[in-house]
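FYI, it's all coordinate maths here, none of it is from the lab. Bear in mind that the values here come from a model prediction, so they are computed numbers and not experimental data. Ideal geometry is used to build each Cβ from the backbone, glycine not excepted, and the neighbour counts take in all protein chains shown.
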Amino acid sequence: MAGSDLLSEGELDALTGDSTAASGGYRAFDFTAREQSLLNQLTLLPPLQERHAEQLAHGLEDVFNSEFEVSAAGLRVLACEEVLVSLAESVAVTTLDLPPLAGHCHVVCPAPLLSQLVNDYFGGVRGDSVANVQRATLTPSELRLAERVAEQVVAALVAAWGDKLPLEPGPMLTAPHVDAIASLPRADKLVQMVFAVSLNELTSEVALLLPFAALEPWKQRFSAPRKSATEEAGQGWGPHLRRELPAVKVDVAVMLASRELTLGEVLGLKVGSVIDLAVPDEVDLCVEGVRLASGRYGAYEGQKAIKITGFVGPEGSTGKSTG
């Protein structure tokens, strides 16, 4: 390329400077937008991560005999280079395969949590926090405990996903560096599941990294069932209600006659008192206390019965039956 084809420093500044962005001349393009949009369609992943966190807390407590608090702290898609930038300087990375997911998966455990576990697990002053202890490198003991943590992260994932996608974890390899992640193509997308793990006064973030491309073939298993057109129109319950409503039992009553009495007359009633009633030509049929129809009182095949002569209209009037 000829030198005249290259942009000058001033031209580059004009294209990439903040002033251009502020003026609306260009806007940043998010290269993970498509993947994040697809991840948002996997609507079952957030509740599964909550279940994962609960399972992880129980697993860590069983292994380390300490009280842990674990909560889901994020679920997003990042490029590999973004993941590397986000990691702490000193971490342990456990790499394994999780068939049927394709590709390698990684569990990232930060040094402060491992230092705390060593302090508790190998006879340190139990309950003391070592959150302020800075470690440039990880000890063999910390690496062993990092693998124990990774085992519980994976076991909790298998339990949480069991009814959606059964997983078969392979052998684990734990290293005191991020080389396994750095060796991936920098543009590769990873699903980062972050868990806030609290032990004593220390809270650290443990991350599970899954290849985004490995989830795509299984996206239907992690998406809520799509609603049919009738359900989206609010008619999804119609057929079910039409099937079930006829079997609902209700109280049906017939009011033969009524009479008004004064309060004094009511107070004067006693055993043997007689209240005169005039049986009307038509009586009211009530369902659950609501007047539904009117009819004639009589008998049918030896049983007391009424013959319906009309139904109550929307304004409370009775429309006579023509039958």
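Efficiency by 1/(1 + (r/R0)^6): what FRET value for residue 182 and residue 144, r their Cβ-Cβ distance, R0 = 30 Å, to the nearest 0.05?
Computed FRET efficiency for residue 182 and residue 144: 0.85.
Once R0 is set to 45 Å, what does the formula 1/(1 + (r/R0)^6) return for the Cβ-Cβ distance between residue 240 and residue 196, expressed as a FRET efficiency to the nearest 0.05?
0.60
Within the range 165-186, what residues put their amide N at less than 17 Å from the label point 7 Å along the Cα-to-Cβ vector of residue 216?
185-186
May I ask you to order 183-191, 151-159 by the average number of other C-beta atoms within 10 Å around their residues, highest value first?
Per-residue mean Cβ counts within 10 Å order the peptides as 151-159, 183-191.
Go ahead and run the numbers for FRET between residue 163 and residue 251, Cβ-Cβ distance against an R0 of 41 Å, rounding to 0.05.
On the way: r = 43 Å, r/R0 = 1.06.
Efficiency at R0 = 41 Å is approximately 0.40.
Could you give the nm distance between label points at residue 40 and residue 265, where each point is 7 Å from its Cα heading toward the beta carbon?
Output for this residue pair reads 7.3 nm.
HN-Hα J couplings of the range 277-294 from phi, Karplus 6.51/-1.76/1.60, θ = phi - 60°, integer Hz, Gly and Pro as x?
Couplings: 10, 9, 6, x, 5, 10, 10, 9, 9, 10, 10, 6, x, 10, 5, 10, 7, 10 Hz.
Residue by residue, what Karplus-based ³J(HN,Hα) values in Hz, rounded to whole numbers, does the range 295-303 have, using 6.51, -1.76 and 1.60 with θ = phi - 60° and x for Gly and Pro?
Using θ = phi - 60°, the values come out as x, 9, 7, x, 9, 9, 6, x, 10 Hz.
How far is the Cα center of the range 281-296 from the Cα center of the range 250-266, in Å?
Taking the Cα centre of the range 250-266 as reference, the centre of the range 281-296 is 13 Å away.
What spacing in nm lies between the two simple spin-label points modelled at residue 137 and residue 173, each 7 Å away from Cα in the Cβ direction?
Using points 7 Å along Cα→Cβ, the separation is 2.1 nm.
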